[in-house]
Amino acid sequence: MESINFSHYSVMLGECIDALNIKPDGIYVDGTTGGGGHSFEIASRLSEGGRLICIDQDSDALFAAGKRLSPFSDRVTFVKSNFSDVAKVLDDLGIEKIDGLLLDLGVSSYQLDTPERGFSYNSDAPLDMRMDKDAALSAYEVVNTYSESELRRILFDYGEESFAPKIASAIVAYREQKPVETTFELTNIVKSVMPKKLLAVGHHPAKKTFQAIRIEVNSELSVIAPTIESAVDRLSEGGRLAIITFHSLEDRCVKQTYAKCAQGCICPPDFPVCVCGNKPKISLVSKKPILPSKEELEVNHRSHSAKLRVAEKI
C-alpha cells in the first residue's frame with residue numbers, strides 16, 4: 001500500500017475548524033477521515049490531553065491518514081468502521097462523551113479519481129463503488145440483480161432521475177444478453193435512452209444514475225439520521241456537530257434531523273400543560289447552512305454543492 005496517493009481537497013477546512021470550536025484538551029471524532037486533511041487541523045490544535053478518533057470505512061484512507069497524522073500519534077486513534085457505528089466505537093474505546101464530531105459526506109477525490117474503485121463515469125472500470133472494499137454489496141450486484149422496479153425506485157429516490165423508468169428498463173434488457181460489468185457499459189446504457197439534445201448540454205447524462213447506485217451500495221442516506229441522534233447523545237454540553245453535505249437529499253436529511261433534535265415540547269397546541277417532557281437537545285449554530293467561500297470555489301470545483309450545518313449540544 002506504500003504507493004497510495006490519497007489526494008483529497010479538504011472542503012471548507014477553515015469553516016469546519018471554526019465550527020468545531022476546538023478545546024485543546026477535548027475529545028473529537030472525525031467520522032469521515034479520508035486523506036486526513038480535516039483531522040490534521042484538528043489534531044494540531046490539541047494538547048497532549050486532547051484526543052482525536054479518526055473513523056473511516058476505507059482502509060486506503062486510514063493508511064494515508066495514518067502517515068499524514070504521524071506527528072500526532074500520541075493523541076490520534078484510527079478505527080476502520082462506518083461513522084454510523086460511532087456509539088460502538090466510543091464504547092469500545094471507553095469514551096463516554098466527546099466535544100465534537102465532524103462528518104464530510106462526500107466521496108473523496110481519491111475514490112473518484114482511482115478508476116479501479118468504479119465510482120466514476122469518466123473512466124472505464126469494473127462496476128464497484130464500495131467505500132468499504134470489504135463490503136458484500138457492490139454496484140455490480142445492484143445493477144445486475146435488482147428488479148426493474150427496484151432499480152427504478154433507487155434512480156428516482158436517490159438520483160432524482162426523471163428518466164428512471166427508461167434507464168431501469170434498458171438495464172434489464174441489456175443484462176438479458178450479458179451482465180453489465182463496467183462503468184462505461186452502464187454509461188452507454190444510460191446514454192442510449194437519453195434525448196440527443198440532453199446529451200449535448202449540461203451535466204454528464206450518467207451523473208444521477210451513478211449517484212443513485214453509489215448511495216444504494218453504501219447505504220449513504222439511511223445512516224445519517226440515526227448517526228446524528230446517537231452522536232447528539234454522546235456530545236458534552238457545548239459540544240459541536242459539524243456536517244458537510246453535497247446534494248439536496250443529504251442536506252434535507254441533516255436539516256430535518258437537526259430540527260427534530262432541537263425541538264422542545266411536541267404536545268398538541270391545545271394541551272394546557274406539557275405532558276411529553278420533551279426537551280431540546282441541541283441548538284442550531286446558524287439557521288442557514290455555511291457555504292464555501294468564493295476563493296475556495298475558484299480552486300476546487302467539487303466544493304460548489306457543499307453545505308455545512310452546525311449544531312451545539314445544550
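A few notes on this one:
- Test for ALA206: is it closer than 20 Å to SER123 by Cβ, open to solvent by less than 30 Å² (accessible area, probe 1.4 Å) and not β-branched (Val, Ile, Thr): yes
- Every condition in (1) open to solvent by 30 Å² or more (accessible area, probe 1.4 Å); (2) over 23 Å from TYR28 (Cβ atoms) holds for GLY264 except the one numbered (1).
- Of the residues making up region 162-198, those that are part of a helix (DSSP H, G or I), out of contact with any Phe, Trp or Tyr (no Cβ under 7 Å at 6 or more places or on another chain) and open to solvent by less than 40 Å² (accessible area, probe 1.4 Å) are ILE167, ALA168, ALA170, ILE171, VAL172, GLU185, LEU186, VAL190.
- Qualifying position, being modelled with pLDDT under 95 and either over 24 Å from ILE224 (Cα atoms) or in contact with a Gly (Cβ under 7 Å, 6 or more places away or on another chain) (or both), among ASN144, ASN122: ASN122
- Flag if GLY49 is at pLDDT below 95, open to solvent by 50 Å² or more (accessible area, probe 1.4 Å) and either more than 18 Å from ALA231 (Cβ to Cβ) or touching a Phe, Trp or Tyr at 6+ places or on another chain (Cβ under 6 Å) (or both): yes
- Conditions (1) surrounded by 20 or more Cβ atoms within 10 Å (Cβ to Cβ); (2) under 26 Å from LYS133 (Cβ atoms); number of the one not met by SER81: (1)
- Subset of region 112-144 that is closer than 17 Å to ILE189 by Cβ and outside any loop (DSSP other than H, G, I, E, B) - its residue that is farthest from the chain's Cα centre (by Cα): ASN144
- Of all residues in region 96-116 being of a type in the set (Asp, Glu) and closer than 17 Å to THR183 by Cα, the one that is least open to solvent (accessible area, probe 1.4 Å): ASP113
- For PRO272, the conditions (1) in contact with a helix residue (DSSP H, G or I) (Cβ under 9 Å, 6 or more places away or on another chain); (2) open to solvent by 50 Å² or more (accessible area, probe 1.4 Å) all hold with the exception of (1).
- Residue satisfying all of: in region 273-314; part of a loop (DSSP other than H, G, I, E, B) and polar (S, T, N, Q); farthest from the chain's Cα centre (by Cα) among these: ASN278
- Within region 215-262, the set of residues being at pLDDT 95 or above, farther than 12 Å from GLY100 by Cα and among the hydroxyl-bearing types (Ser, Thr, Tyr) comprises THR227, SER230, THR245, THR257, TYR258.
- Identity of the residue in region 131-141, within 17 Å of GLU220 (Cβ to Cβ) and modelled with pLDDT of 95 or more, that ends up surrounded by the fewest Cβ atoms within 10 Å (Cβ to Cβ): GLU141
- Inter-residue pairs, beta-carbon under 9 Å, first touching a residue at least 60 places away in the same chain (Cβ under 8 Å) and in region 65-91, second of a type in the set (Asp, Glu) and surrounded by fewer than 19 Cβ atoms within 10 Å (Cβ to Cβ), 6+ apart: ASN82/ASP132; ALA87/ASP233; LEU90/GLU96
The values are calculated or read from the model by the stated rules, or taken from the named source; none is laboratory data. Keep in mind it's a predicted model, so treat the numbers as computed, not measured. Note: ideal-geometry Cβ built from the backbone for every residue, glycine included; neighbour counts use all protein chains shown. Note: areas computed on protein heavy atoms with side chains; ligands, DNA, RNA excluded. Shrake-Rupley method; radii C 1.70, N 1.55, O 1.52, S 1.80 Å.
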